[in-house]
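Trainee: Before I ask anything, let me first share the structure, which is written out below as structure tokens.
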Amino acid sequence: MNQAAEAFLNDIWSHVNSIYDKESRRVREIKNQSRLQAGMFDYLGVAWRKGKFNWVQGNIHIDVYEPFSWSDSSYTFEAGAYIEELTDDILAQDFFPALRDRVDALFRSDDYGPRFFDYRLELVFEFEREQSVLRYSQALLNEEKLRGLKQTFDNFIDTKIMLELPVLPKENDEFFFARHLMNPDLMEQRQEVIEPLIRRLSDKLRTRKERSDSWAYQYTAAFKDWSEERFLNRFFDRSGNYGLDWVLKEEPECSKPNAQELEFFMFAALKIGPREPDTREKYLKLAVQLGSKRAEDYLKQGSGRFESVYKSSLIQATANDITQTIEIHIGSEEEAAYGEALNFIGNLLDQGFPKGYKLMLKSKEKNFLPLKKLARSGQHQFFANAARYPALFPRLAAYAELAMEEFAWYEDVKPGEKSVMPGTYAVFGLGLYSNVYFPLVRRYMELVDTEHQSAQDGYAEAFIEAHGVTAEHMPTIVSILLGGSESAKPVKNIAIDTPDLADALIRELESKEDYKREAVIYRIFGSSQKLAQAAKRESSPLKERLERLLELLG
């Protein structure tokens, strides 16, 4: 080997070993590593970066993780005078083959333990000169480790995914499970293969909100990684700020994807959609550029499973289950128009249309319910407008019963503190305008996800403003108070100031668990101490009733 090339290689190899020694100590300290992780390292980048004023006054750069385009986290080292002697031919014929062989031998060894390297490793070498850059890359594959990972993955599916509850995978396995599903080395990239496995784990986690959300996040991210790294990069160039836009490559550089690839990309777009509807729309538009008629139909009219258009002299309505949107144009502001719109929406939900849809409304009337935390969206506006007509209350109630679903959310706002469960606007309106629907309000409050929704926190105040505090209303009031989130504050306009009200409250709390009693007392009185102070101020018989409330707290 050329002496300069050998000196360069020895310097680099000394630094690589030093870095790997340090990283291996860190890897050995990691506890509870997922069995689905074949290894930590799948990239090694070696580069000579030229100096600012003179190309030979640069540095050796080593990356053991694939670097982001916007960051520079390389290990940097000085090199010897041999750099000037390294011609392109020496680098191509002597240096890079020798570097590749050393890396390959280390990659296939167990020198750093079986969990250090992944089953694949991308080796990249770059050498910058004054006016040019020499670049070589080599994809290394450890077939034996890949076979072992396939066996582990198949066993994981059989024993952790397919078995019935209470069997569940560990939470730290979900990241790798999602990404292995998108890995053509491990799974055939077809919807009918991947979708049942995603759905299976989703169903098993359905009653565990945090885990369910985490799993949805993981497979959404895995679909995005596959879409951008394995698919879109082949047919589009990144452009725009931060490379977020995609521009179709010019022919003949860009060939068209085959039908199966394009179908899987559209499947990825649809799975991404519930969490990132804008990304779904972007991907479907890119699929249209690649010649997909189905993507074009999806964007225009949905999947075709539902009656997507309704027109009458009173309203115009369209629905798209793929984008999870319903558009309603009220042509005549009257009861019958909203009745037709409710029928249209209800029929869709009856047939399986996504409950967490986004409603876009065109209407001259702009009514909203008196709750500060509710988003002023088209969805809210529609149900507040419809609630002006008492004759529509039964239809609104029927819609709410159909729409309410724990851990589901309307898409009228970005995920956050204003997100609400389907049916919320209809239930809240009915509860404010008619006592006939108090049982519906109570069912809603029992179902609502109090850990992840807080828009209902202001409902108690609005309810009391509408109906007052009576012994007859106490079951509903207590239900509303218990439906508040953990951050719900005491209600300002509620007072237990008569023996009848105190008796009604006692009756409701006697059958409740201690933590529920404490929550209700806090929201009514502010604290047990304030309840005690109120009891001292009052005279009989209210005094004894308030003392009984204190006794219920233990």
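The values are calculated or read from the model by the stated rules, or taken from the named source; none is laboratory data. All values derive from a computational prediction rather than experimental measurement. A quick note on method: Cβ atoms are made from the backbone with ideal geometry, for glycine too, and the neighbour counts reach across all protein chains shown. Areas reflect the complete protein model, heavy atoms only, side chains present, ligands, DNA and RNA absent. Shrake-Rupley method; radii C 1.70, N 1.55, O 1.52, S 1.80 Å.
Trainee: Of (1) open to solvent by 10 Å² or more (accessible area, probe 1.4 Å); (2) of a type in the set (A, V, I, L, M, F, W, C); (3) free of Cβ contacts under 8 Å to residues at least 24 places away in the same chain, residue 477 satisfies all except one. Which?
Mentor: Single failed check for residue 477: (1).
Trainee: Quick check on this structure: which one of 47, 5 is part of a helix (DSSP H, G or I) and in contact (Cβ under 8 Å) with a residue 60 or more places away in the chain?
Mentor: 5 is the lone residue from the list that is part of a helix (DSSP H, G or I) and in contact (Cβ under 8 Å) with a residue 60 or more places away in the chain.
A quick yes/no check of all residues on (1) open to solvent by 20 Å² or more (accessible area, probe 1.4 Å); (2) free of Cβ contacts under 8 Å to residues at least 40 places away in the same chain; (3) over 26 Å from residue 395 (Cβ atoms):
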| position | (1), (2), (3) |
| --- | --- |
| 429 | no, no, no |
| 441 | no, yes, no |
| 451 | yes, no, yes |
| 458 | yes, no, no |
| 463 | no, yes, no |
| 466 | yes, yes, no |
| 469 | yes, yes, yes |
| 481 | no, no, yes |
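Trainee: In addition: Please determine whether any residue of the range 253-273 is within 25 Å of residue 408 (Cβ to Cβ), in contact with a helix residue (DSSP H, G or I) (Cβ under 9 Å, 6 or more places away or on another chain), assigned to a loop (DSSP other than H, G, I, E, B) and open to solvent by 30 Å² or more (accessible area, probe 1.4 Å). Full working, then the answer.
Mentor: Quick first cut of the range 253-273, residues within 25 Å of residue 408 (Cβ to Cβ) only: 266-273.
Add one more test, that the residue is in contact with a helix residue (DSSP H, G or I) (Cβ under 9 Å, 6 or more places away or on another chain), and what stays is 266-273.
The next check asks that each one be assigned to a loop (DSSP other than H, G, I, E, B); those that pass are 273.
Narrowing the set further to residues that are open to solvent by 30 Å² or more (accessible area, probe 1.4 Å) leaves none.
No, the conditions are met nowhere in the range 253-273.
Trainee: Output the qualifying pairs, or none if there are none: Cβ atoms under 8 angstrom, residues six or more apart or on different chains, first residue in the range 328-350 and at negative phi, second residue open to solvent by less than 50 Å² (accessible area, probe 1.4 Å) and of a type in the set (S, T, N, Q).
Mentor: Partner pairs satisfying both residue conditions: 328/363; 329/363; 330/363; 330/385; 333/363; 333/385; 338/385; 340/312.
Trainee: Which of the helices (runs of 4 or more DSSP H) contained wholly in the range 435-535 include at least 1 residues that are within 27 Å of residue 422 (Cα to Cα)? Working first, answer last.
Mentor: Values: elements: 438-447, 459-467, 474-482, 499-510, 514-525.
Hits in the range 435-535: 438-447, 459-467, 474-482, 514-525.
Trainee: Of all the residues that make up the range 481-529, how many are touching a helix residue (DSSP H, G or I) at 6+ places or on another chain (Cβ under 8 Å) and within 12 Å of residue 545 (Cβ to Cβ)?
Mentor: Count: 12.
Trainee: Is there a residue in the range 207-218 that is part of a helix (DSSP H, G or I) and either among the aromatic types (Phe, Trp, Tyr) or touching a strand residue (DSSP E or B) at 6+ places or on another chain (Cβ under 9 Å) (or both)? Don't jump to the end; show me each part of the working.
Mentor: Of all residues in the range 207-218, those part of a helix (DSSP H, G or I) come to 209-218.
From what's left, either among the aromatic types (Phe, Trp, Tyr) or touching a strand residue (DSSP E or B) at 6+ places or on another chain (Cβ under 9 Å) (or both): 215, 217.
Yes, the range 207-218 contains at least one residue that is part of a helix (DSSP H, G or I) and either among the aromatic types (Phe, Trp, Tyr) or touching a strand residue (DSSP E or B) at 6+ places or on another chain (Cβ under 9 Å) (or both).
Trainee: Okay, moving on. Tell me, please, whether a residue that is in a helix (DSSP H, G or I), modelled with pLDDT of 95 or more and out of contact with any strand residue (DSSP E or B) (no Cβ under 6 Å at 6 or more places or on another chain) can be found in the range 402-421.
Mentor: Just the residues of the range 402-421 that are in a helix (DSSP H, G or I), to begin with: 402-403.
Applying the additional criterion that residues be modelled with pLDDT of 95 or more yields 402-403.
This time we only want the ones that are out of contact with any strand residue (DSSP E or B) (no Cβ under 6 Å at 6 or more places or on another chain), so: 402-403.
Yes, some residue in the range 402-421 is in a helix (DSSP H, G or I), modelled with pLDDT of 95 or more and out of contact with any strand residue (DSSP E or B) (no Cβ under 6 Å at 6 or more places or on another chain).
Trainee: What number of residues in the range 521-554 are surrounded by fewer than 15 Cβ atoms within 10 Å (Cβ to Cβ) and of a type in the set (Lys, Arg)?
Mentor: Of the residues in that region, 3 qualify.
Trainee: Separate question: Does the range 238-252 contain at least one residue that is part of a helix (DSSP H, G or I) and within 30 Å of residue 170 (Cα to Cα)? Show your work before the answer.
Mentor: Just the residues of the range 238-252 that are part of a helix (DSSP H, G or I), to begin with: 241-243.
If we keep only those that are within 30 Å of residue 170 (Cα to Cα) as well, we get none.
Checking the range 238-252: not a single residue is part of a helix (DSSP H, G or I) and within 30 Å of residue 170 (Cα to Cα).
Trainee: Here is a list: 58, 80. Which entry is in contact with a strand residue (DSSP E or B) (Cβ under 8 Å, 6 or more places away or on another chain) and either open to solvent by less than 50 Å² (accessible area, probe 1.4 Å) or among the aromatic types (Phe, Trp, Tyr) (or both)? Full working, then the answer.
Mentor: On the way: 80 fails: in contact with a strand residue (DSSP E or B) (Cβ under 8 Å, 6 or more places away or on another chain).
Only one candidate passes the filter, namely 58.
Trainee: Taking into account only those residues within the range 118-145 that are within 16 Å of residue 39 (Cβ to Cβ) and free of Cβ contacts under 8 Å to residues at least 60 places away in the same chain, which is most open to solvent (accessible area, probe 1.4 Å)? Steps first, answer last, please.
Mentor: Narrowing the range 118-145 to residues within 16 Å of residue 39 (Cβ to Cβ): 118-123, 139-145.
From what's left, free of Cβ contacts under 8 Å to residues at least 60 places away in the same chain: 139-144.
Values: 139: 84, 140: 15, 141: 66, 142: 21, 143: 89, 144: 134 Å².
So the residue we want is 144.
Trainee: Just to be sure before I move on: is residue 425 without any contact (Cβ under 8 Å) to a residue 60 or more places away in the chain and in contact with a His (Cβ under 9 Å, 6 or more places away or on another chain) in the structure I sent? It would help to see each step written out before you state the result.
Mentor: Details: without any contact (Cβ under 8 Å) to a residue 60 or more places away in the chain: yes; in contact with a His (Cβ under 9 Å, 6 or more places away or on another chain): yes.
When the stated conditions are applied, residue 425 passes them.
Trainee: Restricting the search to the range 359-404, which residues are among the aromatic types (Phe, Trp, Tyr) and crowded, with 22+ Cβ neighbours inside 10 Å?
Mentor: Restricting attention to the range 359-404, the residues satisfying the condition of being among the aromatic types (Phe, Trp, Tyr) are 368, 382-383, 389, 393, 399.
Listed by number, the residues that qualify are 382, 383, 399.
Trainee: Considering only the range 165-216, state which residues are under 25 Å from residue 151 (Cβ atoms), open to solvent by 30 Å² or more (accessible area, probe 1.4 Å) and among the charged types (D, E, K, R).
Mentor: Selection gives 170, 171, 179, 185, 188, 190, 192, 195, 199, 200.
Trainee: When the range 12-55 is examined, which residues are found to be under 28 Å from residue 157 (Cβ atoms) and either open to solvent by 40 Å² or more (accessible area, probe 1.4 Å) or among the basic types (Lys, Arg) (or both)? Break it down stepwise before answering.
Mentor: Looking only at the range 12-55, we keep the residues that are under 28 Å from residue 157 (Cβ atoms), and these are 27, 30-43.
30, 31, 32, 33, 35, 40, 42, listed by residue number.
Trainee: Any chance the range 30-40 includes a residue that's of a type in the set (S, T, N, Q) and on the phi > 0 side of the Ramachandran plot? Before the answer, list the steps.
Mentor: The first filter runs over the range 30-40 and keeps only residues of a type in the set (S, T, N, Q), leaving 32-34, 37.
Then drop every residue that is not on the phi > 0 side of the Ramachandran plot, which leaves 32.
The answer is yes; a qualifying residue exists.
Trainee: Inside the range 274-306, can you point out the residues that are in contact with a helix residue (DSSP H, G or I) (Cβ under 6 Å, 6 or more places away or on another chain) and either open to solvent by 80 Å² or more (accessible area, probe 1.4 Å) or among the small types (Gly, Ala, Ser) (or both)?
Mentor: The answer is 275, 287, 292, 295.
Trainee: For residue 202, are the conditions met, namely being at pLDDT 95 or above, part of a helix (DSSP H, G or I) and either in contact with a Ser or Thr (Cβ under 7 Å, 6 or more places away or on another chain) or among the hydroxyl-bearing types (Ser, Thr, Tyr) (or both)? Talk me through it step by step, then tell me what you get.
Mentor: Values: at pLDDT 95 or above: yes; part of a helix (DSSP H, G or I): yes; either in contact with a Ser or Thr (Cβ under 7 Å, 6 or more places away or on another chain) or among the hydroxyl-bearing types (Ser, Thr, Tyr) (or both): yes.
It is true that residue 202 is at pLDDT 95 or above, part of a helix (DSSP H, G or I) and either in contact with a Ser or Thr (Cβ under 7 Å, 6 or more places away or on another chain) or among the hydroxyl-bearing types (Ser, Thr, Tyr) (or both).
Trainee: Let me ask you something else. Residue under question is residue 149, and the condition is that it be at pLDDT 95 or above and assigned to a loop (DSSP other than H, G, I, E, B); does it hold?
Mentor: Details: at pLDDT 95 or above: yes; assigned to a loop (DSSP other than H, G, I, E, B): no.
When the stated conditions are applied, residue 149 does not pass them.
Trainee: Quick check on residue 79: is it among the aliphatic types (A, V, I, L, M), more than 30 Å from residue 184 (Cα to Cα) and not in a helix (DSSP H, G or I)? First the steps, then the outcome.
Mentor: Working: among the aliphatic types (A, V, I, L, M): yes; more than 30 Å from residue 184 (Cα to Cα): yes; not in a helix (DSSP H, G or I): yes.
So residue 79 passes the test.
Trainee: Let me ask something additional. Spot the failing condition for residue 410; the list is (1) under 22 Å from residue 463 (Cα atoms); (2) crowded, with 22+ Cβ neighbours inside 10 Å; (3) aromatic (Phe, Trp, Tyr), and only one is missed.
Mentor: Going through the list (1) under 22 Å from residue 463 (Cα atoms); (2) crowded, with 22+ Cβ neighbours inside 10 Å; (3) aromatic (Phe, Trp, Tyr), residue 410 breaks only (1).
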